[in-house]
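Report on the structure given below.
Derivation of every value follows stated rules applied to the coordinates shown; laboratory data play no part. Just so you know, these numbers come straight off a predicted model, no measurement behind them. Note that each Cβ is placed from the backbone with ideal geometry, even for glycine, and that neighbours are counted across all protein chains shown.
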Amino acid sequence: MAIPFGVLSTNSLAQRPDPIDVVRINTDLVVFDAQVIDKKTGRAVEGLSKEDFELSDSGVRQKISYFTRDALPLSIILLLDVSYSVRPIIHDIRDGALNALQRLRPDDQVAVMAFADKPQLAQDFTQDRALVARRIDEVTATNALGNGTYLGAAMADAALHMQTAPAPASRRVIIVITDNIAANVASQQRSVLHDLFESGTVVYGLVVRATIGKVFNLLSFGQIKGVNKYVEETGGEIIGADKKEVDAKLGNVIDRLRARYAIGFRPSNEIDDGKFRPVAIKISQTTKRKEKPIVLTKRGYYLRRRTN
């Protein structure tokens, strides 16, 4: 998909270009959101420039024509697991989520969804932090959504709803707070990933487990990893947290989102064939650093040319 938010953020950093130029650029600029971490420490690698990156589209090297870091506001869907297995620590999750709101900036937008047997949109995108706090408090105070952990249906709703995010020039993120004890249906997972790629959304998983979740994890030999595929395919991260660490770890997620890079290019293959295009972004071999940097980003995109 040709993602317009990269172009719009360029406008906010520099002088406003001629309107005709905006239309022309919107037809072919593709923007990837990328995190660079040190393989040895897991820390975010900062201070990189456009020249430090190499990008290929379907195996063909591309020229990076847009590059920025920490310039985009956030459009966040906070997706809360309120199923039976997390009920014993739901108040810790609630308190951590409420406290982490303080890390957001005024132009960040937040929506709140909860899920168990079914998903529910508790609050649409807003900059009203007090309203978001009330909705988090309300949705974690009841078991009306049931006892199951139907993550796939929740991710499907969240991926679709992200397309309604009101700020086109924003970094789009779904933060899933869950015990990660959820199975996936392969066909549903593929459909969700398609929608995530279309909107340029990255998924972060904050995994918090009560005793029952820890038992299930042991019984399954750690093989049930509901959110992992969405995270890996979109270039996000899985972060584990004890029930008393939700505040700090969720705050860390927000800080790491600020450390992500936006990297854009104009595809040399301009044919809108509707096919999925794999993209590889890596650190240039000519860049000599003490760290061992790894680039986390989505696996590819669908080209959708815009004509108006």
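On full extension of the chain, what length is gained from D242 through S56, given 0.36 nm per residue of separation minus the C-alpha to C-alpha distance?
63.1 nm
What is the distance in Å between the Cα centroid of region 280-300 and that of region 175-194?
Using only Cα atoms, the two centres lie 27 Å from each other.
When we measure straight from the Cα of K282, which lysines land under 18 angstrom away, once same-chain ones fewer than 8 places off are left out?
List returned: K39, K40, K50, K63, K290, K292, K298.
Mind running the shape call on region 233-304? Use the C-alpha gyration tensor, a ≥ b ≥ c as the square roots of the eigenvalues: rounded below 1.5 for a/c, prolate if a/b tops b/c, oblate otherwise.
oblate
Once a ≥ b ≥ c are taken as the square roots of the eigenvalues of the Cα gyration tensor of region 49-168, is the result rounded (a/c under 1.5), prolate (a/b larger than b/c) or oblate (a/b not larger than b/c)?
Since a/c reaches 1.5 and a/b is larger than b/c, the shape of region 49-168 is classed as prolate.
Calculate the FRET efficiency for L160 and T286 from the Cβ-Cβ distance with a Förster distance of 35 Å, rounded to the nearest 0.05.
For R0 = 35 Å, the calculated efficiency reads 0.25.
Quote the FRET efficiency, to the nearest 0.05, computed for K40 versus Q102 with a Förster distance R0 of 30 Å and r equal to the Cβ-Cβ distance.
0.45
Starting at the first residue of region 52-58, write each ³J(HN,Hα) from the Karplus equation 6.51 cos²θ - 1.76 cosθ + 1.60 with θ = phi - 60°, in whole Hz, x for Gly and Pro.
Karplus-based 3J(HN,Hα) across region 52-58 equals 7, 10, 10, 9, 10, 10, 6 Hz.
Of L131, Q109, V203, which is farthest along the charge dipole of region 74-258 in the positive direction, counting Lys and Arg as +1 and Asp and Glu as -1 at C-beta?
V203
Once the piece of chain linking Y84 and L121 is laid out straight, how much longer is it, given 0.36 nm per residue of separation minus the C-alpha distance between them?
In short, 11.4 nm is gained.
Quick one: what Rg and Dmax do you get for region 74-258 from the alpha carbons, in Å?
14.8, 44
Percent antiparallel among DSSP beta bridges with both residues in region 74-258, to the nearest 5?
15 percent
Can you give the FRET efficiency to the nearest 0.05 for D255 and K275, using r as the Cβ-Cβ distance and R₀ = 30 Å?
It comes to 0.25.
By how many nm would the segment from N147 to H194 grow when fully extended, if each residue of separation counts as 0.36 nm and the alpha-carbon distance is taken off?
Length gained between N147 and H194: 14.1 nm.
Per-residue counts of other Cβ atoms within 10 Å, averaged by peptide: what ranking do you get for 85-98, 137-150, highest first?
Sorting 85-98, 137-150 by mean packing, highest first, produces 85-98, 137-150.
Trypsin sites (Lys or Arg not before Pro) within region 242-295: which are DSSP loop residues with at most 12 other Cβ atoms inside 10 Å?
Passing both the DSSP loop test and the Cβ count: K275, K288, R289, K290.
Quick one: if you stick a label point 7 Å off each Cα along the C-beta vector at L131 and A71, how many nm between them?
2.9 nm
How far apart, in nm, are two points set 7 Å out from the Cα along the Cα-to-Cβ line at S187 and at R304?
Once both label points are built, they end up 2.3 nm from each other.
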